Amino acid sequence: MRRRSWTRIGALAIVAGCGGSNGTGPDNPGVVTPDRSEFAVLNSISGTLQQFNRIGGALVPFGRDIQLGAGFRGETADFIQDLWVTAWDAPEGSQVLFGSFSTDERTTAVFPNNAIVDPGKPTVIFDAGGTVGALIPARALDEVYVAFPGTPMAQIAVEAVGTFVERVIPAGQFLVSADGNLDDADGGREPLGPPRIVLHEFISGSYFDELRLPEGTVGVTEAIVLEDNMLLLAGGGVDPATSAGLGDGNLVEIDMSARSVQDVNALGGNGLSMEAGRDGLVYVVRTKGVDTAETDVLTFSFAVRSWMNGPENPIQPRDRDGSNLNCRVAAGFLDGQILCATYVAAGQGRLVLLSAEGEFIHEVPIGAGTTDILLRPS
């Protein structure tokens, strides 16, 4: 078991501010053009990171698309300042890729024995010496690894974590693992019971404690920690025969200091994604009930521990013609505007800028299979 001290970089969840700027826009000499991107989207099928800014009420691409490789199939990423990291399975073994938003610099790490580990979402960290790295949940191995740019192989950080670890977040003196508690032995994801939150000591990696979530919560889609509070999106189950959503997703509030569940908030659908907005709200995209692909957006406030737009009054994104728009992932800005990315498996997806009420403002085409939005702080 690896013994090393890690520290999470920056705020764990809620980000604020916009990038700096210089120069003027190519189509409007009076509009100032930022010198870096404000946000990026990860396209899991087309294998690209695309960067954008909001300029004069429009979405404007920034720089060239970052090509992640023909075999890329990662669905999540994390970042700090100019550095980003993502991970995915490949036939020759799972890979961790670090890169730069502003340059073509890349560095790749693999896992011991070229293992295929089914990596979950990376979490950017500093080690005790100030080196930037990332924690990677290895869902197929029930372990957590740590990787560093320029180091060719990821190293084990915590062993025997759970049965399907989706997310690992450093918090205080602990590594907090969100374990989906799923059986993936035959390629499926059958629930073995409610998800668990498992704590290991930061320095030693030793097991400390765990919290089992209430019966009826299924799976882990995402988790966000802010100070002593965690929000966990238990996305809900699917019918094993048809893959239809069962509509039993929940947003779970957890007091990390007391290691207790504060509340379980039913979504009224399956939870597809959860993103922290710049406005202090958490944006949850959910399906609108059982066995449906139609979605809307819920918002939850960390500050008051309450829905701002809950299952009874969701934000319904609207397309240019006023029809309903189905987002795969969404996030919000300080001025109330909302970013909505659609998921298209073959062909171009759409990145749509919406008002606070979900009304259409502007859109740009994006790659296929968009699964993550990265809101970059200043």
Inset, instruction - Just round it to a whole percent: the fraction of Cα-Cα distances in segment 181-262 exceeding 20 Å. - result: 39
Legend entry - Long-range Cα-Cα pairs in the chain (distance over 26 Å), rounded percent: 49
Inset, instruction - Classify segment 265-351 as rounded, prolate or oblate, taking a ≥ b ≥ c as the square roots of the eigenvalues of its Cα gyration tensor: rounded when a/c is under 1.5, otherwise prolate if a/b is larger than b/c and oblate if not. - result: oblate
Inset, instruction - May I ask you to derive the FRET efficiency for SER102 and GLU215 from their Cβ-Cβ distance with R0 = 41 Å, giving the value to the nearest 0.05? - result: 0.30
Legend entry - segment 232-378: C-alpha gyration tensor shape, a/c 1.5 cut-off, then a/b vs b/c: oblate
Inset, instruction - Add +1 for every Lys or Arg and -1 for every Asp or Glu among the other residues with Cβ under 13 Å from the Cβ of VAL85, and state the total. - result: -2
Inset, instruction - Over the alpha-carbon set of segment 74-199, work out the extent along each principal axis and list the three values in angstrom, largest first. - result: 44, 37, 23
Legend entry - Neighbourhood charge, 10 Å Cβ-Cβ cut-off, centred on PRO317 and excluding it, Lys, Arg +1 and Asp, Glu -1: -3
Legend entry - Computed P(r) (all Cα pairs; segment 315-378; 10 Å bins; percent): 24, 55, 20, 1
Inset, instruction - Compute the signed sum of charges (Lys and Arg +1, Asp and Glu -1) over the other residues within less than 10 Å, Cβ to Cβ, of GLY237. - result: -2
Inset, instruction - Let me know the Kirkwood hydrodynamic radius for segment 121-193, please, with Cα pairs as the basis and the value in Å to one decimal. - result: 12.9
Legend entry - segment 132-291: C-alpha pair distances exceeding 19 Å, %: 55
Legend entry - GNM top mover of ASN313, ASN250, ASN53 - the chain, alpha-carbon springs below 10 Å: ASN313
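Here, each number is a calculation from the coordinates, and none is a lab measurement. This structure is a prediction, so every number in the text was calculated from the model and none was measured. Cβ coordinates were reconstructed from backbone atoms using ideal geometry, including for glycine residues, and neighbour counts include every protein chain displayed.
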